[in-house]
1. Of all the helices (runs of 4 or more DSSP H) wholly in region A:267-375, which have at least 2 residues that are farther than 30 Å from A:Q480 by Cα?
2. Checking A:N394 against (1) touching a residue at least 24 places away in the same chain (Cβ under 8 Å); (2) outside any helix (DSSP H, G or I), which single condition isn't satisfied?
3. Modelled with pLDDT under 95, crowded, with 20+ Cβ neighbours inside 10 Å, within 14 Å of another protein chain (Cβ to nearest Cβ) and part of a helix (DSSP H, G or I), is that true of A:S8?
4. Just to be sure, is A:R33 more than 7 Å from chain B (Cβ to nearest Cβ) and either assigned to a loop (DSSP other than H, G, I, E, B) or buried (at least 18 other Cβ atoms within 10 Å of the Cβ) (or both)?
5. How many residues does region A:164-182 hold that are crowded, with 18+ Cβ neighbours inside 10 Å and in contact with a Ser or Thr (Cβ under 9 Å, 6 or more places away or on another chain)?
6. Within 14 Å of another protein chain (Cβ to nearest Cβ), β-branched (V, I, T), surrounded by fewer than 18 Cβ atoms within 10 Å (Cβ to Cβ) and in a helix (DSSP H, G or I): which single residue out of A:V23, A:V18, A:V106 fits that description?
7. Could you check, for region A:172-192, whether at least one of its residues is of a type in the set (A, V, I, L, M), in contact with a helix residue (DSSP H, G or I) (Cβ under 8 Å, 6 or more places away or on another chain) and more than 18 Å from A:P57 (Cα to Cα)?
Amino acid sequence: MNWNHPHSLSRRAFSASVFVGGVFLVLGGAFFRLQVLGSDQYAVQSRNNRLRPVVLPAPRGIIVDRNRVVLATNVPSYTISLMALNETAFLATLDSITKYTSLDSVMRAAVLRRYERSPDDPVLVMRDAPFEMVATLEERKSSFPGLIVQTEPKRHYPHGDIVSHLLGYVGEVSEEELASRRFVGARMGSLVGRGGLEGQYDSRLRGLDGERLVVVDALGRTIKDEGGEQLAPQQGDTLRATLDFGLQRYVAGLFPKFGERGAVIAMDPRSGEILAMYSAPTYDPNEFIGGVDPDLWSEWLASESTPLLNRAVQGLYPPASPWKLALALMALERGDATLDGKMPIQCTGGYQYFSRYFRCWKSSGHGDLTLAEAIEQSCDVYFYQLGLKVGLGNMLLEGGRIGFAGRTGIDLPGEVAPIFPATTAYFDSLYGSRGWTNAVTLNLAIGQGENSQTLISMMRFYSLLARDDGRAPTPMLVVQEETSSEFPLVASPENVAKLRSPLEMVVARGTAVRSRIANLHIAGKTGTAQNPHGLDHGWFIGFAPAEAPEVVVGAIVEFGEHGSSIARMVTQIIARHLLGPDADLGRPVTWVLPSDSVPASAVVEPDSALQRVRR
Amino acid sequence: MRRTGIDRPLLLAVAALILPGIATLYSAGQTDFPTIAAGIWQRQIIWIAIGVVGAAVIFRVPYRLLEWLTPFLYVASVALLLATLVVGTGAGTAAGTKSWIAIAGVRLGQPAELAKLATILMLARHLASRRHQPRSAFELLPSGIIVGIPLLLVGLQPDLGSALVFLGIFFSMLFWVGVSPWLLLLAASPIISLILAFSTGLWGAWIVLITVLLLWLRPYILEALVMWGMNVLMGVVALRLWMGLASYQQNRILSFLNPEIDPRATGWNVIQAKVAIGSGGLLGKGFLEGTQKRLAFLPSQHTDFVYPVLAEEFGFLGVVVSLFLFAMFFFVLIRVARHAVDTFSCVVVAGIAGLMLTHVVVNVGMSVRLMPVTGIPLPFYSYGGSFMVICLLCIGLTLRVAWDSRLGGYLEG
């Protein structure tokens, strides 16, 4: 039969038709599987394809002072981000916008690092872009696939350099911090608090980021926003600091007249609330917003005056004469001395201890003094003998108990613990077990030697003196809601009360113009800390009114030489606080205080049989 | 039923494919950010107009003249393919290949499309001139050479998809002239061997099977040895051939096997096409409303992946209707071929059906992952000047065959 015989042909035509029908049934079946059976799954995929979540950063909580003066707030700014299908597209858009942005190679490298970390999310290119740049980019938006410009809240500190150390600043969270989950809820690119209250209360301030879905095409070009905000961001809590900004500003204005470096703290001894805390030199935390300029950063880090250091809680200084009150309290507590008790050897300008001669700051000598008078005149010879009477071990023990060995627990990150030996083993490891003598006791007795305190630590002690109950208040910058108001009891109220009047006498004797400050009775103690690197550091810590103290103000001025000049600053601050900004101080206040420069620390020499400390 | 005149069902079927084709192409150009596909539908209409004129002209050409012209046409198209290999340029989505003939920068067309038609005519002339259908592998040899030359040249461009189409033409025409299915299987066996070579176990089983088949069919000894030898050879050279493929071809095959290997690059097309089709659901997202297409997720939405546009916007219902229309079209072609007045035109129409069917199956099949992505156009839907004109010329030829058979009274009933 020929192949083209009609029968043969129609048989094959039938087979061919069956084949064609079968092929189309298979194709139809494949479409049925995708479109009918799998349609839900693919609908979701198609939706995920085009809807991208864009994070809406939450505005940080506002920080205000006790009178609701705004210290930290948010202002709108423009953020430029990129979202791309793949690396080639990402680089292409990044290159094309480089011309219109001021991206340098460092910033570009940072952008690429961020892209590598999370290529599927919008990648931050620039925070706080200037308006002109944003306008230029928006005009050419369709030629920059994947470009996202959005307004974001930007941190702003209206009085930056006045409260810089207190507030800290904000910065982008690092990869390590994300990995360690130190900041709950933070994501790549989140801004978190660094230092100060921003760091301490970050979890309360940060708020909850929102999310917005945008329709994007395959190249990442934003087409439109899908129905406005999907999840509105929630602003962080408002933080009310205990700070009195008016006083803080006054301190900041006053300080430069007395020195370049140092710190001032004003504190309410009744509650432990910090009213002012100033550290000089200062810096402007606004510089950190949107990334700190690398040149400025290295300048700050290299600077000898270390502006980033908060000297109020991070600076360690020999406590010097203000320490004498601590020793006096220890002696009273232990019963080793009474207020009118005298020492066997009167002050003739120095103290012979075995083969060594320890000087008093007043070379002509103070004569025979009671403890009250010794405090008032800051006589070193008296306190050498008192130190020996109390004994080294007891001094260390009592000092630790009062709180000179640990942090105060102020609500600021980075507080430095004072250097104060816990036991005499410290000296063994420092000098070797036979390498030191009781000279260390004499050094410690006058606030020198192996003892370095922070201003905040000394402030807590003077707040203890300013209180009636023998409790040392914990300093705080934000009123804690759930903290018990019971501060630790460290001394008997009677002994504390005894020390108050000689303190008042320190100021009373020296002053001729006290009465002019509206009958303000100020109690306080000067000090001059030996500084082997240059001019001495000056201290003054005072409180007022002496009868019922409402405020303790302490200051340390590096290279301030004399505590007496600093006393003038502290007095003015106290007056400004208690009498208000308009108080008339009459003539400029001049203090004539004993210039009780502490003698240099005695050199610690190897042990000899005579001088051996009983251990 | 009228005994003379134009074959109306064929005209109707073609119209029912071309009109939605234009609509789909128009929709493919409607994206949120304009692409090159935006105005392409207007150019497609111009190509259709040219094709219709061409079809009208070829409709007037007597088949005797066509049969006489065929060898010249075949030689000319092979020459063009050779020329393409030397001076060809790439274009659009296949910029890396040499498939276009251009003079002074103006692209005139893709010789591969013309070669398809010329090969159909040449093979039909060869088969129609014989008393019997080929009955052994040796008798298949001339047919193999006729198809093999353009297939090889197209494959060298490299254009894997078009090469595949030549195979479709080859097998459909041989089937139509009554070559035994076993012989066809034997002819296809080296290709199957090549594909199976990637799995040693499967390939081993295949060699055993082909050995048994040869013993059972009992062809000439030499023939059997040659076939068996080719099967073994294919298995051996498979790896070398694989290495010889361009990397994008390797990737296409790999991503056919598993598109998730690299979902952002090679597998992207397949995945996005599937998402477009699947998210269309039963009723579709509505004309012009396909999000995958609008937002440029769908690649080559005006050429290779035009069908997912239809599937996304009209859903399963639209797919069923359009597949039904395609099936009707093929049934008409089979009917025309069956009633042809002479052997030459009979085989030509079978070849045309084979050409079209291969295009439809490969193109639609790749969008649902039944076929690898080979990038061949869907008749009457995909944008492409050369192919559209060739398709319409084929329709012109088929209409002439139908006309002749009615005129010749060769029709039943």
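1. On the way: elements: A:294-302, A:311-314, A:323-334.
Those helices (runs of 4 or more DSSP H) span A:294-302, A:323-334.
2. (2)
3. No, not satisfied.
4. Working: more than 7 Å from chain B (Cβ to nearest Cβ): yes; either assigned to a loop (DSSP other than H, G, I, E, B) or buried (at least 18 other Cβ atoms within 10 Å of the Cβ) (or both): no.
Considered against the rule, which asks whether it is more than 7 Å from chain B (Cβ to nearest Cβ) and either assigned to a loop (DSSP other than H, G, I, E, B) or buried (at least 18 other Cβ atoms within 10 Å of the Cβ) (or both), A:R33 comes out as no.
5. 5
6. A:V18
7. For region A:172-192, residues of a type in the set (A, V, I, L, M), in contact with a helix residue (DSSP H, G or I) (Cβ under 8 Å, 6 or more places away or on another chain) and more than 18 Å from A:P57 (Cα to Cα): absent.
Residue-wise test of (1) more than 9 Å from chain A (Cβ to nearest Cβ); (2) acidic (D, E); (3) within 24 Å of B:N269 (Cβ to Cβ).
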site	(1), (2), (3)
B:F297	no, no, yes
B:T303	yes, no, yes
B:A311	no, no, yes
B:G318	yes, no, yes
B:F326	no, no, yes
B:F331	no, no, no
B:V341	yes, no, no
B:S345	yes, no, no
B:I352	yes, no, no
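The values are calculated or read from the model by the stated rules, or taken from the named source; none is laboratory data. Remember, it's a predicted structure, so these values are computed and weren't measured experimentally. Note that we place each Cβ from the backbone using ideal geometry, even for glycine, and neighbour counts take in every protein chain shown.
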